[in-house]
1. Quick check on my filter: what residues within the range 20-36 are closer than 19 Å to residue 58 by Cα and surrounded by 19 or more Cβ atoms within 10 Å (Cβ to Cβ)?
2. In the range 199-214, what count of residues is obtained for those that are surrounded by 20 or more Cβ atoms within 10 Å (Cβ to Cβ) and within 13 Å of the chain's Cα centre (by Cα)?
3. Output the number of the condition that residue 60 fails; it satisfies all remaining conditions of (1) at pLDDT 80 or above; (2) surrounded by 15 or more Cβ atoms within 10 Å (Cβ to Cβ).
4. Are there any strands (runs of 3 or more DSSP E) wholly within the range 106-180 with 2 or more residues that are under 18 Å from the mean Cα position of the chain (by Cα), modelled with pLDDT of 95 or more and crowded, with 19+ Cβ neighbours inside 10 Å, and if so which?
5. Quickly run through the range 40-54 and pick out the residues that are under 26 Å from residue 133 (Cα atoms) and assigned to a loop (DSSP other than H, G, I, E, B).
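The values are calculated or read from the model by the stated rules, or taken from the named source; none is laboratory data. Keep in mind the model is a prediction, meaning the values are calculated, not measured. When we count neighbours, we look across all protein chains shown, and the Cβ atoms used for this are built from the backbone with ideal geometry, even at glycine.
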């Protein structure tokens, strides 16, 4: 399957390719083909329906790249992995967000868990991934004044997406809760277990289960198999 696209030179060593109607899991496949085009590993940032390439003097090959992508057939993809991520919904913004959205915290939590999402891309921070799309009733602009400190493992929403903070950071998203374990570990290969195109479901857990999972994670017990959704 071929896709319409536009290519933009963002500098001598940076190129962005914007696609029309491509699915995140197909974007992942296109990224792998681009590495074949350059005949080596290159840095590629995938986000929403675009790929940004970071490679020395890559803008000198724009015409070649355009021809390559124009003739590229993206094969049908396999069923993506699905992850069930347990969340303790006691985030610092939960109450104020429920008030802004004119619903109870219970309704907000239930609505956030009500659908299966897709990982649409990575960015902002190493290991920060964008998960979409939120139900319309939960869609809200970023905070007008970002928080100076958003805790590590925070599950937060803004716009049409959910994000999970891999490290403590400033941020303008509304924090709903916290994961009991880290999805990002720079020492591991790959550093993030999940990938673009994977599906995500959120599951509310209580404090006792949260502490149990947190303790298991700190002891080095691998939780990935437990997190795969049953289909």
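1. Within the range 20-36, the first condition is being closer than 19 Å to residue 58 by Cα, and the residues that meet it are 30-36.
Scanning the range 20-36 gives 30, 34.
2. The total comes to 2.
3. (2)
4. Values: elements: 117-122, 129-132, 147-150, 154-158, 161-164, 169-171, 174-179.
Because the criterion is at least 2 residues that are under 18 Å from the mean Cα position of the chain (by Cα), modelled with pLDDT of 95 or more and crowded, with 19+ Cβ neighbours inside 10 Å, the strands (runs of 3 or more DSSP E) in the range 106-180 that meet it are 154-158, 161-164, 174-179.
5. Result: 48, 49.
Residues are listed down the side, and each one gets a yes or a no for (1) out of contact with any helix residue (DSSP H, G or I) (no Cβ under 7 Å at 6 or more places or on another chain); (2) assigned by TED's automatic domain parsing to the domain that holds residue 191; (3) over 17 Å from residue 176 (Cβ atoms):
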site	(1), (2), (3)
46	no, no, yes
51	no, no, yes
63	yes, no, yes
66	yes, no, yes
88	no, yes, no
118	no, yes, yes
122	yes, yes, yes
